[in-house]
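Visitor: Quick one: structure below, then a few questions.
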Amino acid sequence: MWKGRFSENTAQAVQKFTQSLDLDWALASYDIDGSIAHARMLGSVGLIPADEARQIEDGLSRIREEIASGALVPAQELEDVHMNIESRLIELLGPTGARLHTGRSRNDQVAVTMRLFLRDRLHRIGSGMDALLAVLLERAARHRDIIVPGFTHLQQAQPISMGHYWMAHFSAFSRDCDRLLFALESLRECPLGAGALAGSTLPLDREMTARELGFARPTRNSLDTVAQRDYMADYHSFAVTFATHCSRLAEDFVIYSSREFGWLLLPDAFCTGSSMMPQKKNPDVLELLRGKTGQILGHFLDLLVTLKGLPMTYDRDLQEDKRGLQASLRTVEDMLAVLVPLLSAVEVDGEKAAEGMNDGFLLATDVAEYLVARGVPFRQAHGMVGGLVKECIARKKGLFDLTRDEWKALLPEAGEDLFPLLSLRSAVERRNTYGGTAFDQVAKQIEEGKTFLESFRESVER
């Protein structure tokens, strides 16, 4: 490739150290797509004869088949997938094959290959996110009327609709969908024609190669084209927040499915047992969702740390951008593959959840707001109900256990109109502000969620 400049062959240790075939051989089909588009453009503008452009396209199609069948295996001395394919093309076509690299550098070649690869994988992930949002909507509708405790500081706080809980995760993952669409948008420009860094003296038709490969337009600045990896960072930003949301959901499920809580029922198919303790049903899938989140964060940091000190434009450090990207993509796809069917099989035991709320303390805020509605300043009402709870604890009673006489003795401001409010269902139904946990509000959230999902489907398919 560069023998004209050097008087010595590359040392074998250097060949081994600099090769990237363990990572980029998987990119072969995308590299061939980019090369076919480039060859068509060269033929169209007359830089190579039209018949030779067709020969190159046919040769590249043959190489694609050879790679798919395993007939062509990579040669380490050729360093990367790009040179392996070009070398094989020259073997097949002779000097005609050597024309392919006209007006092209590996810098813009790598950039377009990576964008094609990432675009394809993000569409795949988009299908997984679609399925995830759909199952969350189904769960929210199915469990809308089940009341469970809501928590702050992992302590029972207020009763909520389980449908509201599912829609909370829908909201989080829908923002991830927005980030995924942003990452796809950053892949709409075609790098081919940027060359090594400054463009080309040859009359390349960059608009044509962009159209051939399904891009909206060529990139606008050749220096930035070969230097930037923002589109990878945009993907990693999506992946980190998505994985973090998975991790938080998984943590909830580990807790709620434990015997100490016990109202979330995990499917056996997504749990494992113990090698020693016969009674165990371990939430390993959920724990691994938590554990793999750290890996995804690490891949993002790897990229940013690599980029932060690089001078313009291309530097060989950028070869290392692929390892973390490919690992992160695999992990995100694997997480979606287990999360969607797991969620679709989870059940909620409403009676068990109610048992854990039978002291009534989750209604303390309702009592305080009842007093506010009767003209008591909130801070005063807060203190009065706090004292009521303290007295109940001293008497080893819950709010639901108090008789009417005890209520009137402990909270003289309480009228008869308080008592119909002292139920979990009333507490949920009365939280009817927009976005709240009232059953009607949850139904509205589900309808809005369906609208969002339809919009996302249309956007990700464009």
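The values are calculated or read from the model by the stated rules, or taken from the named source; none is laboratory data. Since the model is a prediction, treat every value here as computed from it, not as a measurement. All Cβ positions, even for glycine, are placed from backbone atoms using ideal geometry, and neighbour counts span all protein chains on display.
Visitor: Among the residues of segment 218-230, is any within 23 Å of the chain's Cα centre (by Cα), outside any loop (DSSP other than H, G, I, E, B) and surrounded by fewer than 21 Cβ atoms within 10 Å (Cβ to Cβ)?
Guide: Yes: one or more hits.
Visitor: For segment 122-156, which positions are under 12 Å from the mean Cα position of the chain (by Cα) and either assigned to a loop (DSSP other than H, G, I, E, B) or hydroxyl-bearing (S, T, Y) (or both)?
Guide: Matches in segment 122-156: S127 only.
Visitor: Next question. Only one residue in D359, D349 is under 30 Å from A381 (Cβ atoms), charged (D, E, K, R), surrounded by fewer than 19 Cβ atoms within 10 Å (Cβ to Cβ) and over 16 Å from the mean Cα position of the chain (by Cα). Which one?
Guide: None of the others qualify; the one that does is D359.
Visitor: Right, here's the next one. Out of curiosity, is F242 in the same structural domain as L132 (by TED's automatic domain parsing), assigned to a helix (DSSP H, G or I) and not basic (K, R)?
Guide: yes
Visitor: Let me ask something else about it. So which residues in segment 186-210 are farther than 16 Å from Y30 by Cα and of a type in the set (G, A, S)?
Guide: Within segment 186-210, S186, G193, A194, G195, A196, A198, G199, S200 meet the criteria.
Visitor: Continuing with the same structure: Answer with yes or no whether A381 is in contact with a Pro (Cβ under 7 Å, 6 or more places away or on another chain) and either among the acidic types (D, E) or not assigned by TED's automatic domain parsing to the domain that holds G262 (or both).
Guide: In short, no.
Visitor: Something else: Select from segment 68-93 the residues that are surrounded by 20 or more Cβ atoms within 10 Å (Cβ to Cβ) and β-branched (V, I, T) and list them in ascending order.
Guide: V81, I85
Visitor: Something else: Would you check which residues across segment 368-417 are within 21 Å of G356 (Cα to Cα) and either in contact (Cβ under 8 Å) with a residue 60 or more places away in the chain or among the hydroxyl-bearing types (S, T, Y) (or both) and list them?
Guide: The one that is within 21 Å of G356 (Cα to Cα) and either in contact (Cβ under 8 Å) with a residue 60 or more places away in the chain or among the hydroxyl-bearing types (S, T, Y) (or both): T403.
Visitor: Mind checking whether some residue in segment 40-56 is within 19 Å of Q319 (Cβ to Cβ) and not assigned by TED's automatic domain parsing to the domain that holds L197?
Guide: no
Visitor: Can you give me the ranges of the helices (runs of 4 or more DSSP H) entirely in segment 343-423 with at least 1 residues that are under 30 Å from L289 (Cβ atoms) and either modelled with pLDDT of 95 or more or not acidic (D, E) (or both)?
Guide: Helices (runs of 4 or more DSSP H) meeting the threshold: 350-355.
Visitor: A follow-up question, please. Kindly indicate the residue of segment 157-180 that is over 15 Å from the mean Cα position of the chain (by Cα) and either in a helix (DSSP H, G or I) or at positive phi (or both) and also surrounded by the fewest Cβ atoms within 10 Å (Cβ to Cβ) among those meeting that condition.
Guide: For segment 157-180, the residue satisfying everything is A168.
Visitor: What number of residues within segment 273-293 are part of a helix (DSSP H, G or I) and loosely packed, with under 11 Cβ neighbours inside 10 Å?
Guide: Of the residues in that region, 0 qualify.
Visitor: Check whether at least one residue in segment 439-450 is surrounded by fewer than 15 Cβ atoms within 10 Å (Cβ to Cβ), more than 34 Å from the chain's Cα centre (by Cα) and not aliphatic (A, V, I, L, M), and report yes or no.
Guide: no
Visitor: Which of the residues belonging to segment 12-56 are surrounded by 15 or more Cβ atoms within 10 Å (Cβ to Cβ), assigned to a helix (DSSP H, G or I), among the aliphatic types (A, V, I, L, M) and over 32 Å from the mean Cα position of the chain (by Cα)?
Guide: Matches in segment 12-56: A39, M41, L42, A53, I56.
Visitor: Between a first residue in segment 302-316 that is without any contact (Cβ under 8 Å) to a residue 60 or more places away in the chain and of a type outside the set (K, R) and a second residue that is surrounded by 10 or more Cβ atoms within 10 Å (Cβ to Cβ) and in a helix (DSSP H, G or I), which pairs have beta carbons less than 7 Å apart while being 6 or more apart in sequence or on different chains?
Guide: Here the result reads D302/G324; T306/D317; T306/E320; T306/D321, each pair linking segment 302-316 to a residue that is surrounded by 10 or more Cβ atoms within 10 Å (Cβ to Cβ) and in a helix (DSSP H, G or I).
Visitor: Residues T293, T313: which one is under 18 Å from the mean Cα position of the chain (by Cα) and of a type in the set (S, T, N, Q)?
Guide: Exactly one of T293, T313 is under 18 Å from the mean Cα position of the chain (by Cα) and of a type in the set (S, T, N, Q), namely T293.
Visitor: Limited to segment 68-109, what total is found for residues that are touching a His at 6+ places or on another chain (Cβ under 7 Å) and within 27 Å of Y235 (Cα to Cα)?
Guide: Of the residues in segment 68-109, 3 are touching a His at 6+ places or on another chain (Cβ under 7 Å) and within 27 Å of Y235 (Cα to Cα).
Visitor: Cβ contacts < 8 Å: first residue among the polar types (S, T, N, Q), restricted to segment 26-46; second residue assigned to a loop (DSSP other than H, G, I, E, B), any location; separation 6+ or different chain. Result?
Guide: S35/L100; S44/D205
Visitor: Under 7 Å by Cβ, and 6 or more places apart or on different chains, what pairs join a residue from segment 247-271 that is among the acidic types (D, E) with one that is modelled with pLDDT of 95 or more and part of a helix (DSSP H, G or I)?
Guide: Sorted first by the residue in segment 247-271, then by its partner, the pairs are E251/R290.
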